[in-house]
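**Student:** One structure, as structure tokens, below. Some questions next.
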Amino acid sequence: MTRADTHAAGSARTERAARTHEDAAHGRGEQGIGVTAEGLPDWLDPVVHAMRTVAPEQLSRFLPPESGVGRQSAVLILFGEGERGPELLLMERASTLRSHAGQAAFPGGALDPEDGDPATTGPLRAALREAEEETGLDPAGVQLFGVLPRLYIPVSEFVVTPVLGWWHTPTPVGAVDLAETARVFAVPVADLTDPANRVMATHPSGINSPAFTVASALVWGFTAGVIDRILHFSGWERPWDRSKEVPLDRRS
């Protein structure tokens, strides 16, 4: 198979996966959960366009293995509107956890059997369930409007489906279990796009990746990578200095 054939096959798989999620979301798959981009605020239009057009390899160089190995999981990328305009909901993992301790992250986690089919609505249910368990979020106040292509986290072998949501009816949130979550916080998109808050996180292994210094936190790794790509493909990214580096601890 040539490189062109491989790319074409990958694109076809992406389109089939997108159609599967869309069918399920509109009642043609498993029942009980829906996805629609109707009625969203106008400022989310660029995100919807990016969601519908971005290819997996444009989001990350780490894609799910073709062998199918990896633990299926989902994260909720929840957009809300606060006093300073559009914002994203994030959480900081407890410093006592064995993996990803102290890191800022989207709410989310592994799929449970009761979440359903990983190829259709399972990730949607898992994203909302995990967000409720971790932050106390009321799922009834969230409109899911789509998913991004599945990505892969090699260090944990998680296959992650990023689920996009609009928080149309906000409710109080906070750390439900302090053994797992240190805090829950919202970050204005204006802060994420501010060049003063953009840095490159430098791991002792030599890997550099986009990061954000916002809300008294360093957002890096998988979460920062996804945010960086959303900002870029939504046309919200502003020019920033990629020579500004922040070193990471070897335990990170």
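**Student:** Do we have T14 as buried (at least 16 other Cβ atoms within 10 Å of the Cβ), modelled with pLDDT under 90 and either more than 16 Å from the chain's Cα centre (by Cα) or not in a helix (DSSP H, G or I) (or both) here?
**Tutor:** Yes; evaluated as a whole, the condition is true for this residue.
**Student:** May I ask you to say which residue of A190, A175, A131, A186 is over 27 Å from G34 (Cα atoms), aliphatic (A, V, I, L, M), touching a residue at least 40 places away in the same chain (Cβ under 8 Å) and in contact with a strand residue (DSSP E or B) (Cβ under 7 Å, 6 or more places away or on another chain)?
**Tutor:** None of the other options fit; the residue is A190.
**Student:** Right, next: For residues that are of a type in the set (G, A, S), at pLDDT 95 or above and either in contact with a helix residue (DSSP H, G or I) (Cβ under 7 Å, 6 or more places away or on another chain) or surrounded by 12 or more Cβ atoms within 10 Å (Cβ to Cβ) (or both), tally how many sit in segment 235-252.
**Tutor:** 1
**Student:** Can you find, within segment 177-191, the residue that is farthest from the chain's Cα centre (by Cα) among those that are outside any strand (DSSP E or B), at pLDDT 95 or above and surrounded by 15 or more Cβ atoms within 10 Å (Cβ to Cβ)?
**Tutor:** Looking at residues that are outside any strand (DSSP E or B), at pLDDT 95 or above and surrounded by 15 or more Cβ atoms within 10 Å (Cβ to Cβ), I get D191.
**Student:** So, of the residues in segment 203-234 that are out of contact with any His (no Cβ under 9 Å at 6 or more places or on another chain) and among the small types (G, A, S), which turns out to be surrounded by the fewest Cβ atoms within 10 Å (Cβ to Cβ)?
**Tutor:** Restricting to residues being out of contact with any His (no Cβ under 9 Å at 6 or more places or on another chain) and among the small types (G, A, S), the top hit is G206.
The values are calculated or read from the model by the stated rules, or taken from the named source; none is laboratory data. Since this is a predicted model, take the numbers as computed values, not measurements. Glycine also receives a Cβ, built like all others from the backbone with ideal geometry; neighbour counts cover every protein chain displayed.
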